[in-house]
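*Asks:* Structure incoming, see below.
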Amino acid sequence: MMKEISLIPIGTVRSPVREIVDDVWGGLVSRVELDDQRFTADSLAGLTEFSHVEIVFHFHNLAETELITGKRRPRGRAEWPEVGIFAQRGKLRPNRIGVTICRLISVEGLSITVEGLDAIDGTPVLDLKPYLIEFAPKGPVRQPKWASELMAGYWRKLE
């Protein structure tokens, strides 16, 4: 068995979305507030030079008993194929970790304001990194048709 890893969140998401939902993240503005017991504003120095940040967070409101380690149909939709949890970005993954690249709007003190973070209010943030073009995929990107169908409404605006 592998050794357990323990992580301490670096901060918390502040979002108008308070319950777990799908397909409402387009144009959504939220904040990441760093833990003021561990960090100072110096931790964010230079971040404003970047247009985007990559945020790593923990799906904290999901029970471990609901986690999926095998395969399933994404969102339970019969018309989509059964695929393994590592062939999808479902939130019921083994370590409940989410990763999203967001547009950076501003940096103020120990907070960053971002657009397009698909995490609810109170979500623990594990890490944030500036998005570098050099980390973008090299060459063409492909994905199955069902993945494009799943994501078709994901970034629609919250009403």
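*Asks:* Given the criteria more than 19 Å from Gly109 (Cα to Cα), assigned to a loop (DSSP other than H, G, I, E, B) and not basic (Lys, Arg), does Pro9 qualify?
*Replies:* When the stated conditions are applied, Pro9 does not pass them.
Matching residues to (1) part of a loop (DSSP other than H, G, I, E, B); (2) without any contact (Cβ under 8 Å) to a residue 12 or more places away in the chain; (3) surrounded by fewer than 14 Cβ atoms within 10 Å (Cβ to Cβ); (4) within 19 Å of the chain's Cα centre (by Cα):
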{"residue": "Val32", "(1), (2), (3), (4)": "no, no, no, yes"}
{"residue": "Asp42", "(1), (2), (3), (4)": "no, yes, yes, no"}
{"residue": "Glu54", "(1), (2), (3), (4)": "no, no, no, yes"}
{"residue": "Phe57", "(1), (2), (3), (4)": "no, no, no, yes"}
{"residue": "Leu62", "(1), (2), (3), (4)": "yes, no, no, yes"}
{"residue": "Thr65", "(1), (2), (3), (4)": "no, yes, yes, no"}
{"residue": "Ile68", "(1), (2), (3), (4)": "yes, no, no, yes"}
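*Asks:* Do the conditions hold for Gly153, that is, is it within 15 Å of the chain's Cα centre (by Cα), exposed (fewer than 14 other Cβ atoms within 10 Å of the Cβ) and within 27 Å of Gly76 (Cα to Cα)?
*Replies:* Considered against the rule, which asks whether it is within 15 Å of the chain's Cα centre (by Cα), exposed (fewer than 14 other Cβ atoms within 10 Å of the Cβ) and within 27 Å of Gly76 (Cα to Cα), Gly153 comes out as no.
*Asks:* Tally up the residues in the range 6-30 that are over 24 Å from Trp155 (Cβ atoms) and either modelled with pLDDT under 95 or exposed (fewer than 12 other Cβ atoms within 10 Å of the Cβ) (or both), please.
*Replies:* Residues in the range 6-30 being over 24 Å from Trp155 (Cβ atoms) and either modelled with pLDDT under 95 or exposed (fewer than 12 other Cβ atoms within 10 Å of the Cβ) (or both): 2 in total.
*Asks:* Can I ask one more? How many residues does the range 118-143 hold that are modelled with pLDDT under 95 and surrounded by 12 or more Cβ atoms within 10 Å (Cβ to Cβ)?
*Replies:* Residues flagged as modelled with pLDDT under 95 and surrounded by 12 or more Cβ atoms within 10 Å (Cβ to Cβ) within the range 118-143 amount to 3.
*Asks:* Just the residues that are part of a loop (DSSP other than H, G, I, E, B) and closer than 21 Å to Ile97 by Cβ, please, taken from the range 115-142.
*Replies:* Answer for the range 115-142, where residues must be part of a loop (DSSP other than H, G, I, E, B) and closer than 21 Å to Ile97 by Cβ: Gly116, Leu117, Asp118, Ala119, Ile120, Asp121, Gly122, Thr123, Tyr131, Leu132, Ala136, Pro137.
*Asks:* Same structure, new question: Give the number of residues within the range 78-95 that are of a type in the set (Lys, Arg) and either free of Cβ contacts under 8 Å to residues at least 24 places away in the same chain or under 12 Å from Asp22 (Cβ atoms) (or both).
*Replies:* So the answer is 2.
*Asks:* Between Pro137, Pro74, which is farther than 24 Å from Ile8 by Cα and in contact (Cβ under 8 Å) with a residue 60 or more places away in the chain?
*Replies:* Pro74
*Asks:* Here's a follow-up. Out of all the residues in the range 62-75, is one or more closer than 16 Å to Pro130 by Cβ and at pLDDT 90 or above?
*Replies:* No; the residues of the range 62-75 include none that is closer than 16 Å to Pro130 by Cβ and at pLDDT 90 or above.
*Asks:* Let me ask something additional. For the range 109-116, indicate whether the set of residues that are more than 17 Å from the chain's Cα centre (by Cα), exposed (fewer than 14 other Cβ atoms within 10 Å of the Cβ) and at pLDDT 95 or above is non-empty.
*Replies:* Among the residues of the range 109-116, at least one is more than 17 Å from the chain's Cα centre (by Cα), exposed (fewer than 14 other Cβ atoms within 10 Å of the Cβ) and at pLDDT 95 or above, which makes the answer yes.
*Asks:* As an exercise: evaluate Arg18 against (1) under 27 Å from Ile133 (Cα atoms); (2) touching a Gly at 6+ places or on another chain (Cβ under 9 Å) and give the number of the one condition it does not meet.
*Replies:* Single failed check for Arg18: (1).
*Asks:* Sticking with this one: Scan the range 41-96 for residues that are in contact with a Pro (Cβ under 7 Å, 6 or more places away or on another chain) and among the hydroxyl-bearing types (Ser, Thr, Tyr) and jot them down.
*Replies:* Answer for the range 41-96, where residues must be in contact with a Pro (Cβ under 7 Å, 6 or more places away or on another chain) and among the hydroxyl-bearing types (Ser, Thr, Tyr): just Thr69.
*Asks:* Can you name every residue in the range 86-106 that is out of contact with any Phe, Trp or Tyr (no Cβ under 8 Å at 6 or more places or on another chain), within 23 Å of Leu47 (Cα to Cα) and surrounded by 18 or more Cβ atoms within 10 Å (Cβ to Cβ)?
*Replies:* Residue satisfying the conditions is Cys102 alone.
The values are calculated or read from the model by the stated rules, or taken from the named source; none is laboratory data. Nothing here was measured: the structure is a model prediction, and the numbers come from that model. Don't worry about glycine lacking a Cβ; one is built from the backbone with ideal geometry, like all the others, and counts go over all protein chains shown.
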